[in-house]
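Some notes on the structure that comes next.
Read the figures in this text as sums done on the coordinates, not as results from a lab. Since this is a predicted model, take the numbers as computed values, not measurements. Cβ: placed from backbone, ideal geometry, glycine included. Neighbour counts: every protein chain shown.
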Amino acid sequence: MLDPSTFAYDQQMPLTVEILSERVQNGAIVRDITYASPRGGKVTAYLILPFAWYNNCGHALDAQVRLERVTWLCAQFGLPEPSQEILNLLEQVPSPVPLES
């Protein structure tokens with residue numbers, strides 16, 4: 001069994017996220033980011049913020065609720081909200097169809 005201490009890190013250390021680029025792809029905001037590694041240096045990653053959420057009944061959430069959730073996710077990571085250019089692109093993303101039951 002894997003020792004949990006393998007994943008131990010200084011939780012007080014700042015994440016120091018840097019957004020390298022931001023785009024809308026397949027109904028999500030995709031950000032190319034770097035963040036500070038607990039072992040030193042930077043880690044590169046994608047941060048994908050889904051924009052096509054569904055409620056418990058499988059119906060698509062309206063655009064305002066989806067935007068609020070993306071904004072909330074950004075706040076959880078200490079990231080800036082999506083740029084106005086990205087928000088304009090998201091307005092052009094069609095609402096998803098309901099999920100199949």
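Could you rank the peptides 2-10, 66-74 by their average count of other C-beta atoms within 10 Å per residue, with the highest value first?
Numbers: 2-10: 7.2, 66-74: 15.7.
Put in order of decreasing packing, that is 66-74, 2-10.
Which ordering of Ile19, Ile33 is given by a fewest-first count of other beta-carbon atoms within 10 Å? Please list the in-between numbers first.
Values: Ile19 14, Ile33 20.
Lowest to highest Cβ neighbour count: Ile19, Ile33.
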Apply 1/(1 + (r/R0)^6) to the Cβ-Cβ distance of Val65 and Asn26, taking R0 = 25 Å, and write down the FRET efficiency to the nearest 0.05. 0.80
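Once the other residues with Cβ under 13 Å from the Cβ of Asp32 are scored (Lys, Arg +1; Asp, Glu -1), what is the net sum? If you can, show how the numbers build up before the last one.
On the way: positive: Arg23, Arg31, Lys42; negative: Glu18, Glu22.
It works out to a net charge of +1.
Using Cβ contacts closer than 10 Å as the measure, can you line up Met1, Met13 from fewest to most?
Values: Met1 3, Met13 10.
Starting with the residue having the fewest Cβ neighbours, the order is Met1, Met13.
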At most 11 other Cβ within 10 Å, DSSP loop - trypsin sites (Lys or Arg not before Pro), the stretch 7-44: Arg39
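Treat the count of other C-beta atoms within 10 Å as a stand-in for reagent exposure and order Tyr46, Tyr35 from fewest to most.
Values: Tyr46 9, Tyr35 16.
The order, fewest Cβ neighbours first, is Tyr46, Tyr35.
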